[in-house]
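The values are calculated or read from the model by the stated rules, or taken from the named source; none is laboratory data. If you're wondering where the values come from, they're calculated on a predicted model, not measured in any experiment. Neighbour counts are summed over all protein chains in view; Cβ atoms, including those assigned to glycine, are modelled from backbone coordinates with ideal geometry.
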Amino acid sequence: MNTEKTKPRCFQRPAPFRRRLAVMTVGVLVQGFGLSLLRSIDLGLDPCSCLTQGVSQLTHLSFGTCQVLCHLVTFLVVLRYDLSRLGWGTVGNMVFLGYISDFFTWLYRVTLPADFFMSTATRYILLLPGLAGLLFGAAAYMCSGLGSSPYDAVPFIIAQRVRRPSFRTVRMLWDIAFMAVGLLLSVMPGIVTVAVAFFCGPIVAWVQRKLESTLFS
């Protein structure tokens, strides 16, 4: 009899590091692909990318470079207050996600017609795969258990150190702050921004549970 399957999950052996690293890598790649579609169709971005896009437009640096620079600020907060949230997933999301998005954006530019993303029908058709890639990728890298991005970690740190408001409120205010700065930098919120603000958390949590039960149970 295989007793490993009958043990409660908390007593089961952790998944091999190589498997978790592979899941994290695939998650960041898929998330970067989804983000590249959302940037291309111009229907809004998630709050963190709103700020990054605004900084990129202001400085004329690449999106990937600006993401690293923006994340460095929040990374210092995590480094100071909660090292347990750092890991390979932190590096993957913080350093590589933006550059992966840049790579796919460049690929579209050299392989697709110049006006491909100008069609309204094309933009809305690509909205769903863009959002799906962003959310599925986020769930995959999170469920690997190899650390989170500094952007995702800071709201947890704040919520742990204040009695009120709740984590949900802290996260909402955190996202709104990034969207507001992005707006000041001339990045307009869109349908994607609203969708991520209202549905990202529950969807990512649901997908994360499914992936954990499938890949690591």
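Every test in (1) modelled with pLDDT under 95; (2) not in a helix (DSSP H, G or I) is passed by Leu21 save one, and that test is (2). Figure legend. Inter-residue proximity from the range 162-186: first residues closer than 10 Å to Cys48 by Cα, second residues among the polar types (S, T, N, Q) and surrounded by 17 or more Cβ atoms within 10 Å (Cβ to Cβ), beta-carbon distance below 7 Å, spacing 6+ or different chains. Indicated pairs: Met179/Thr193; Gly182/Gln53.
When the criteria are applied in full, Gly137 fails the requirement of being assigned to a helix (DSSP H, G or I) and more than 30 Å from Arg19 (Cα to Cα). Considering only residues that are aromatic (Phe, Trp, Tyr) and closer than 19 Å to Val192 by Cα, which ones fall in the range 45-103? Listed by number, the list holds a single entry, Phe63.
Just so you know, in the range 181-213 the residues that are modelled with pLDDT of 85 or more and over 30 Å from Ile125 (Cβ atoms) include one that is surrounded by the most Cβ atoms within 10 Å (Cβ to Cβ), and it is Val181. If you check Leu83, Leu112, Leu131 for being hydrophobic (A, V, I, L, M, F, W, C), crowded, with 17+ Cβ neighbours inside 10 Å and out of contact with any Gly (no Cβ under 6 Å at 6 or more places or on another chain), only one passes: Leu131. Checking each residue in the range 101-126 for being out of contact with any Leu (no Cβ under 6 Å at 6 or more places or on another chain) and aliphatic (A, V, I, L, M) picks out Leu107, Val110, Leu112, Ala114, Met118, Ala121, Ile125. Would you confirm whether any residue within the range 127-147 is on the phi > 0 side of the Ramachandran plot and of a type in the set (Gly, Ala, Ser)? The answer is yes; a qualifying residue exists.
Does the range 61-114 hold any residues that are more than 16 Å from Leu51 (Cβ to Cβ), part of a loop (DSSP other than H, G, I, E, B) and without any contact (Cβ under 8 Å) to a residue 12 or more places away in the chain, and which are they? Leu112, Pro113, Ala114 - these are the residues of the range 61-114 that are more than 16 Å from Leu51 (Cβ to Cβ), part of a loop (DSSP other than H, G, I, E, B) and without any contact (Cβ under 8 Å) to a residue 12 or more places away in the chain. Close contacts from the range 38-59, counting a first residue that is free of Cβ contacts under 8 Å to residues at least 40 places away in the same chain and β-branched (Val, Ile, Thr) and a second that is surrounded by fewer than 24 Cβ atoms within 10 Å (Cβ to Cβ) and part of a helix (DSSP H, G or I), with Cβ to Cβ under 8 Å and a gap of 6+ residues or different chains, come to Thr59/Cys66. Taking the range 154-170 as the range and being surrounded by fewer than 21 Cβ atoms within 10 Å (Cβ to Cβ) and part of a helix (DSSP H, G or I) as the test, the residues that pass are Pro155, Phe156, Ile157, Ile158, Ala159, Gln160, Arg161, Phe167, Arg168, Thr169, Val170.
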